[in-house]
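Visitor: Here you go, one structure.
The values are calculated or read from the model by the stated rules, or taken from the named source; none is laboratory data. Everything numeric in this text was worked out from a predicted model, so none of it was measured. Here the Cβ positions follow ideal geometry from the backbone for every residue, glycine too, while neighbour counts run over all protein chains shown.
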């Protein structure tokens, strides 16, 4: 199975040039069974990454292009009256797929954004009093442009906390941008990738990730890091208990990607920025000093002594 994971990572890196870490974090979120927020300026490959992952998996794919007039029913589905029988007929929304791309999620209203809360937290949708379970595996990949403010709606902290991980793409290096340009000029404008993993194989990998050993020492290390964010003077809001669980889940998935069946402090450190920074709120003083959430978290992690690497 590790060979297929390596093939998946290689395939993603073949279309997302020079972003091996972002590709790895995306697969990490998939293995941990959580949702991913991809945040960055336009044109750096956010949507391409989501589509490439969807094409690389033998799963159904739904896309929601959010706009200010998108309604909750456009996300979850809606019912209409069948004129022949007079009965209500339910029309499934895009969230009824395995992989859901919520493109430009901050362009839609808070009411429509909230329609994803139950989907992301409970893996089900409630329409007109009826709860409908979502297919497994299931993953929401949302994209957001944090720079543009006109016609956008800020994602509230409660919704940000639902995302297991957040990543930023960043601009490519010159060599990687040359490779990308060459590929596009040679006609590779449309993604066309072959699936390398099936639904049952992904579920099996998720089970393997959930069985990766997290020793008491590592659990204590994770708890202390999260507690440190709540004490930091640079932060007015630290990470929640949900973040503690998320950090352990992602560290397990990262360890599996590294070919190990136990978590090390380095696994925790590798995923901590993507798991925690979007859950932190900077203090007024830190904002005035232009301190970033990444810098505040780095200080918190540095204040906690890492335990020795022990299998159990």
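Visitor: Would you mind listing the strands (runs of 3 or more DSSP E) fully within segment 1-81 where at least 2 residues are touching a strand residue (DSSP E or B) at 6+ places or on another chain (Cβ under 7 Å) and closer than 26 Å to residue 258 by Cβ? Don't jump to the end; show me each part of the working.
Guide: Working: elements: 36-39, 61-65, 77-81.
Filter on segment 1-81 gives 36-39.
Visitor: Here's something else I'd like to know. Hey, does segment 79-95 have a residue that's in contact with a helix residue (DSSP H, G or I) (Cβ under 7 Å, 6 or more places away or on another chain) and under 26 Å from residue 4 (Cα atoms)?
Guide: Residues of segment 79-95 that are in contact with a helix residue (DSSP H, G or I) (Cβ under 7 Å, 6 or more places away or on another chain), as a first pass: 93-95.
Pick out the ones that are also under 26 Å from residue 4 (Cα atoms) and you get none.
Checked against the condition, which is being in contact with a helix residue (DSSP H, G or I) (Cβ under 7 Å, 6 or more places away or on another chain) and under 26 Å from residue 4 (Cα atoms), segment 79-95 yields no hits at all.
Visitor: Shifting gears a bit: Only one of 185, 191 is within 14 Å of residue 56 (Cα to Cα) and modelled with pLDDT under 90. Can you tell me which? Spell out how you get there, then give the answer.
Guide: Details: 185 fails: within 14 Å of residue 56 (Cα to Cα).
The conditions single out 191.
Visitor: Still on this structure, I have one more. Filter segment 89-120 down to residues that are in a strand (DSSP E or B) and free of Cβ contacts under 8 Å to residues at least 24 places away in the same chain and give me whichever is farthest from residue 40 (Cα to Cα).
Guide: Checking each candidate, the answer is 89.
So that you can scan it fast, the table gives a plain yes or no per residue for (1) within 18 Å of the chain's Cα centre (by Cα); (2) under 24 Å from residue 147 (Cβ atoms); (3) surrounded by fewer than 18 Cβ atoms within 10 Å (Cβ to Cβ):
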{"residue": "3", "(1), (2), (3)": "no, no, yes"}
{"residue": "7", "(1), (2), (3)": "no, no, yes"}
{"residue": "39", "(1), (2), (3)": "yes, yes, no"}
{"residue": "45", "(1), (2), (3)": "yes, yes, no"}
{"residue": "68", "(1), (2), (3)": "no, yes, yes"}
{"residue": "73", "(1), (2), (3)": "no, no, yes"}
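Visitor: Also, quick follow-up: Counting just the residues of segment 98-122 that are closer than 21 Å to residue 204 by Cα and crowded, with 17+ Cβ neighbours inside 10 Å, which one comes out modelled with the lowest pLDDT?
Guide: 120
Visitor: Moving on to the next point. Going through segment 265-302 one residue at a time, which ones are within 14 Å of residue 222 (Cβ to Cβ) and loosely packed, with under 15 Cβ neighbours inside 10 Å?
Guide: 266
Visitor: Checking the structure you have, find out if any residue of segment 78-95 is within 19 Å of residue 139 (Cα to Cα) and either under 18 Å from the mean Cα position of the chain (by Cα) or not assigned by TED's automatic domain parsing to the domain that holds residue 127 (or both). Step through it out loud before you land on a result.
Guide: Within segment 78-95, the first condition is being within 19 Å of residue 139 (Cα to Cα), and the residues that meet it are 92-95.
Imposing the further condition that a residue be either under 18 Å from the mean Cα position of the chain (by Cα) or not assigned by TED's automatic domain parsing to the domain that holds residue 127 (or both) reduces the set to 94-95.
Yes, segment 78-95 has at least one match.
Visitor: Somewhere in segment 228-244, is a residue surrounded by 22 or more Cβ atoms within 10 Å (Cβ to Cβ) and under 19 Å from the mean Cα position of the chain (by Cα)?
Guide: Residues of segment 228-244 surrounded by 22 or more Cβ atoms within 10 Å (Cβ to Cβ): 229, 235, 239, 243.
Keeping just the survivors that are under 19 Å from the mean Cα position of the chain (by Cα) gives 239, 243.
Looking through segment 228-244, at least one residue is surrounded by 22 or more Cβ atoms within 10 Å (Cβ to Cβ) and under 19 Å from the mean Cα position of the chain (by Cα).
Visitor: Could you list, in sequence order, all residues of segment 121-134 that are out of contact with any strand residue (DSSP E or B) (no Cβ under 9 Å at 6 or more places or on another chain) and part of a helix (DSSP H, G or I)?
Guide: Selection gives 121 alone.
Visitor: Next question. With under 15 Å from the mean Cα position of the chain (by Cα) and part of a loop (DSSP other than H, G, I, E, B) as the only criterion, which of 146, 172, 195, 137 stands out? Full working, then the answer.
Guide: Details: 146 fails: under 15 Å from the mean Cα position of the chain (by Cα); 172 fails: under 15 Å from the mean Cα position of the chain (by Cα); 195 fails: under 15 Å from the mean Cα position of the chain (by Cα).
Only one candidate qualifies: 137.
Visitor: Next question. I'd like to know if segment 202-225 contains one or more residues that are assigned to a loop (DSSP other than H, G, I, E, B), over 17 Å from residue 300 (Cβ atoms) and in contact (Cβ under 8 Å) with a residue 60 or more places away in the chain. Outline the logic, then answer.
Guide: Of the residues in segment 202-225, the ones assigned to a loop (DSSP other than H, G, I, E, B) are 211-212, 214-215.
Then keep just the ones that are over 17 Å from residue 300 (Cβ atoms); that gives 211-212, 214-215.
Subset that is in contact (Cβ under 8 Å) with a residue 60 or more places away in the chain: 215.
Yes, there is a match, as at least one residue in segment 202-225 is assigned to a loop (DSSP other than H, G, I, E, B), over 17 Å from residue 300 (Cβ atoms) and in contact (Cβ under 8 Å) with a residue 60 or more places away in the chain.
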